[in-house]
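K.L.:
Below: one structure in structure tokens.
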Ligand code: NAI
């Protein structure tokens, strides 16, 4: 029996979370869900987008599955994601990007992993008005966080038999901050002679990715570049409805898809639950329930290969709940 905190989130969150719970329960693994509210809805109801009960539950359970939470643009409350990642020190954001059977895409054979630093950079939220009309937003890069994420990426590469790590940067312009990030990556790389280490400037990286994403293996990025490049990479495998992820710390891990709350399709049973279901398989792997994780992945691939039950983003007409049932019955 595993205790897991469930944060359904906003928009399509509750729909894809319910679908994921349905599929994971079909594995027979006993998961005791503790459901807590965070995000815009919690802000409206409780006056706090991240009530203390949410943090307490995650700290107790050590593992959480999270739907997307909405963040107002330009004004309003701070991002729940940024707050969770910083408060719980979930320093590594892991986003595997793998071509899936049956999914129409201009790219085949993509199998890369985005490792994104999750706690600092321009996401430190340090912004202020210097004088009216002039705003300063501070980018923080530290040796400690850069070394820690580089160690995570290299350890991950070794454990998963990955051959190459590309550190992505803009150190030609941000010589001090991105320069420090690269120094830390190089120092860690020296301890992993069997893994090829190289570096690429972020703008060129985007162009190289679009030309041929199969040339990349593990990508190691600061927070902002990692955020942008993750969404770009989701486009290689059928879009945001297919891209899973995890936020990992020393003791706590939160599993969530790359996508947001998709307000344009929320409440319509149109959301593709596969991204969160695949995040659920990462959670099962984290719990060392590898056989169950593999069964869920195979069930997802089987539904995709058959191509009869697909949501609108993949060119089908099936609803979120139908997809969940189709996957659960195969599990
Ligand atoms: P978004 O990811 O919600 O939506 C972008 C586009 O992808 C939309 O057209 C949407 O319909 C589509 N899409 C996303 N997920 C899908 C799914 N599972 N199935 C089918 N189509 C899907 O990004 P957007 O619009 O930039 O952000 C909306 C809200 O989500 C914002 O408040 C933002 O702050 C929040 N957000 C939350 C995240 C999180 O909690 N981890 C991550 C990204 C955004």
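K.L.:
Is it true that residue 324 is away from the ligand (no atom under 16 Å from the Cβ), closer than 23 Å to residue 4 by Cβ, part of a helix (DSSP H, G or I) and in the same structural domain as residue 15 (by TED's automatic domain parsing)?
P.N.:
No; evaluated as a whole, the condition is false for this residue.
K.L.:
Quick check on segment 38-59: of everything there that is surrounded by fewer than 20 Cβ atoms within 10 Å (Cβ to Cβ) and within 15 Å of the ligand (Cβ to nearest atom), which residue is nearest to residue 241 (Cα to Cα)?
P.N.:
41
K.L.:
For segment 60-86, what are the residues that are within 16 Å of the ligand (Cβ to nearest atom) and either at pLDDT 95 or above or touching a helix residue (DSSP H, G or I) at 6+ places or on another chain (Cβ under 6 Å) (or both)?
P.N.:
Within segment 60-86, 64, 65, 66, 67, 68, 69, 70, 77, 82 qualify.
K.L.:
Another question about this same structure. What number of residues in segment 141-162 are out of contact with any strand residue (DSSP E or B) (no Cβ under 6 Å at 6 or more places or on another chain) and not in a helix (DSSP H, G or I)?
P.N.:
Qualifying residue count, segment 141-162: 4.
K.L.:
Let me ask something additional. Sort out for me the strands (runs of 3 or more DSSP E) sitting completely within segment 1-119 that have 1 or more residues that are closer than 30 Å to residue 181 by Cβ and in contact with a strand residue (DSSP E or B) (Cβ under 9 Å, 6 or more places away or on another chain).
P.N.:
Correct list: 63-66, 92-98, 111-117.
K.L.:
Exactly one of (1) more than 16 Å from the ligand (Cβ to nearest atom); (2) touching a strand residue (DSSP E or B) at 6+ places or on another chain (Cβ under 8 Å); (3) touching a residue at least 24 places away in the same chain (Cβ under 8 Å) is unmet by residue 182. Its number?
P.N.:
The single condition residue 182 does not satisfy is (3).
K.L.:
Only one of 202, 188, 168 is within 22 Å of residue 95 (Cα to Cα), surrounded by 17 or more Cβ atoms within 10 Å (Cβ to Cβ) and over 23 Å from the mean Cα position of the chain (by Cα); which?
P.N.:
Just one listed residue meets the conditions, 188.
K.L.:
Kindly indicate which of 31, 50, 88 is under 23 Å from residue 114 (Cα atoms) and assigned by TED's automatic domain parsing to the domain that holds residue 273.
P.N.:
Of the residues listed, the single one that is under 23 Å from residue 114 (Cα atoms) and assigned by TED's automatic domain parsing to the domain that holds residue 273 is 88.
The values are calculated or read from the model by the stated rules, or taken from the named source; none is laboratory data. Everything numeric in this text was worked out from a predicted model, so none of it was measured. Reconstructed Cβ throughout: ideal geometry from the backbone, glycine too, with neighbour counts over all protein chains shown.
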